[in-house]
1. Can you confirm whether region 133-153 contains a residue that is within 15 Å of ligand 1 (Cβ to nearest atom), among the hydroxyl-bearing types (Ser, Thr, Tyr) and not assigned by TED's automatic domain parsing to the domain that holds Ile39?
2. For region 182-200, which residues satisfy the criterion of being surrounded by fewer than 23 Cβ atoms within 10 Å (Cβ to Cβ), of a type in the set (A, V, I, L, M) and touching a Ser or Thr at 6+ places or on another chain (Cβ under 9 Å)?
3. Which number in (1) under 19 Å from Glu109 (Cβ atoms); (2) without any contact (Cβ under 8 Å) to a residue 24 or more places away in the chain marks the one condition that Lys221 misses?
4. Looking at Lys125, Lys151 in this structure, which one is within 25 Å of Asn87 (Cβ to Cβ) and surrounded by fewer than 19 Cβ atoms within 10 Å (Cβ to Cβ)?
5. Which pairs do you get when a residue that is in the same structural domain as Glu18 (by TED's automatic domain parsing), found in region 37-53, comes within reach of a residue that is among the β-branched types (Val, Ile, Thr) and outside any loop (DSSP other than H, G, I, E, B), reach meaning Cβ atoms under 6 angstrom, with the pair 6+ apart or on two chains?
6. What are the residues in region 181-221 that are aliphatic (A, V, I, L, M) and over 21 Å from Gly161 (Cβ atoms), if any?
7. Is one or more of the residues making up region 98-114 among the acidic types (Asp, Glu), in contact with an Asp or Glu (Cβ under 9 Å, 6 or more places away or on another chain) and more than 16 Å from ligand 2 (Cβ to nearest atom)?
8. Look through region 7-42, keep the residues that are of a type in the set (S, T, N, Q) and within 19 Å of Glu134 (Cα to Cα), and return whichever of them is surrounded by the fewest Cβ atoms within 10 Å (Cβ to Cβ).
Amino acid sequence: MKPDFYSFTLPKLEQFLEEIGEKKFRARQLFKWVYGHKITNPELMTNLSKDFRDNLNNIFSFELPEMLFEKISVDGTRKYLFDLGDNLSVESVLIPGSGGRLTLCVSSEVGCNLACKFCYTGKQKLKKRLSAGEIVAQYYQVSLKLPEDLKVTNIVFMGMGEPLDNPTAVFDSIDILTDSLGFCLSRKKITVSTSGIIPMMPLITKSGTRLAVSLNGSNDKVRSEVMPINKKWPIDQLMAACQEYTDATRDKVTFEYVLLKGVTDSIEQAHELYHLTKRIPCKINIIPFNEHPNSGYSRPTDKAVDKFQNELIRLGAHVLRRKTMGRDIYAACGQLTTAQKSSNKELPV
Ligand code: SAH
Ligand code: SF4
């Protein structure tokens with residue numbers, strides 16, 4: 001099988017070309033064409049020698065995963081489904097924000113073995129760790145689809161899967177997306193969200209991207225109940241890992257906290273959450289639970305969410321409430337699924 005072009009970082013491409021007897025500088029030329037000019041047809045790469053051009057389609061596959069559909073929510077959120085072959089597909093979500101911000105939420109895996117109780121993706125066992133190319137392709141396809149005047153400004157690894165369970169592909173994709181010859185995205189505009197695979201967290205620090213941590217519980221008892229990973233890496237170790245990130249980067253960490261009615265939304269828990277995070281430069285992003293079939297959890301009322309948020313504000317926390325986007329097209333946090341193309345049906349909200 002031909003290697004997928006979009007999985008090569010620039011240094012890996014240089015090395016590969018040298019190994020097959022081609023000139024190293026061709027890698028830079030190819031990056032400029034493919035990512036800089038968005039040209040993937042070798043015939044149009046006019047500054048390459050005719051022989052190399054003619055051979056390119058034999059060396060690499062330039063095929064991007066097919067976009068099976070785009071759905072647009074009433075609030076402007078767009079959801080895309082990509083075909084990965086083998087009857088697998090993966091979703092990305094594009095979320096408009098204020099001041100022209102356009103955030104693409106990408107997936108790193110199909111399914112997820114960490115099995116957080118409230119998460120729709122976590123209900124499916126891991127089916128596939130995406131390649132770097134399959135991650136890059138989500139951004140590539142979406143930018144090709146957007147009108148000229150619109151540009152993805154931010155990327156968050158908050159779609160399907162746990163990025164730190166697939167680190168090589170995730171950090172290679174980040175190297176490709178930020179390469180100055182291509183899309184040239186800023187590392188500070190990329191956020192990697194993790195459920196807390198602690199030994200891998202220094203990779204986020206090293207990559208220069210921003211860290212988000214799914215906390216979702218204010219003590220070990222409740223966190224272990226909703227996120228089984230907490231039994232392996234409990235809260236005190238997680239907080240120490242976050243502190244290492246903030247010490248090294250001088251950046252804030254974002255704590256995501258899903259509000260589950262009667263499970264994580266009490267005022268005592270707001271207090272615990274405040275005390276847990278108060279020594280770490282951070283912001284807390286509270287996310288009212290997005291419901292999905294047979295989850296066994298429900299979303300607190302808006303009043304209960306306000307109460308929880310206001311208590312944190314009163315205590316002095318920097319807290320934001322994640323506006324729920326794209327619920328009508330099943331694109332909100334934790335609602336992404338589709339291990340099979342057949343699940344391309346609308347799901348009940
Ligand atoms: N695996 C990574 C990234 C993907 S999940 C992680 O866990 O951080 C992205 C975010 O969605 C996480 O913060 C998770 O807690 C949240 N989430 C999952 N299911 C949800 C649901 N049903 N409603 C609201 N948020 C959810
Ligand atoms: Fe996996 Fe994140 Fe969902 Fe947990 S919340 S099951 S880590 S995708």
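1. Filtering region 133-153 down to residues within 15 Å of ligand 1 (Cβ to nearest atom) leaves 135, 138.
Narrowing further to those that are among the hydroxyl-bearing types (Ser, Thr, Tyr): none.
Looking through region 133-153, none of the residues is within 15 Å of ligand 1 (Cβ to nearest atom), among the hydroxyl-bearing types (Ser, Thr, Tyr) and not assigned by TED's automatic domain parsing to the domain that holds Ile39.
2. Listed by number, the residues that qualify are Leu185, Ile190, Met200.
3. (1)
4. Of the residues listed, the single one that is within 25 Å of Asn87 (Cβ to Cβ) and surrounded by fewer than 19 Cβ atoms within 10 Å (Cβ to Cβ) is Lys125.
5. Between residues of region 37-53 that are in the same structural domain as Glu18 (by TED's automatic domain parsing) and residues that are among the β-branched types (Val, Ile, Thr) and outside any loop (DSSP other than H, G, I, E, B), the close pairs are Thr40/Val34.
6. To start, the set of residues in region 181-221 that are aliphatic (A, V, I, L, M) comprises 181, 185, 190, 192, 197-198, 200-201, 203-204, 211-213, 215.
Answer for region 181-221, where residues must be aliphatic (A, V, I, L, M) and over 21 Å from Gly161 (Cβ atoms): just Leu181.
7. Checked region 98-114: no residue is among the acidic types (Asp, Glu), in contact with an Asp or Glu (Cβ under 9 Å, 6 or more places away or on another chain) and more than 16 Å from ligand 2 (Cβ to nearest atom).
8. The extreme case among them is Asn41.
The values are calculated or read from the model by the stated rules, or taken from the named source; none is laboratory data. Computed from a prediction, not measured in an experiment: that's the story for all the values here. Don't worry about glycine lacking a Cβ; one is built from the backbone with ideal geometry, like all the others, and counts go over all protein chains shown.
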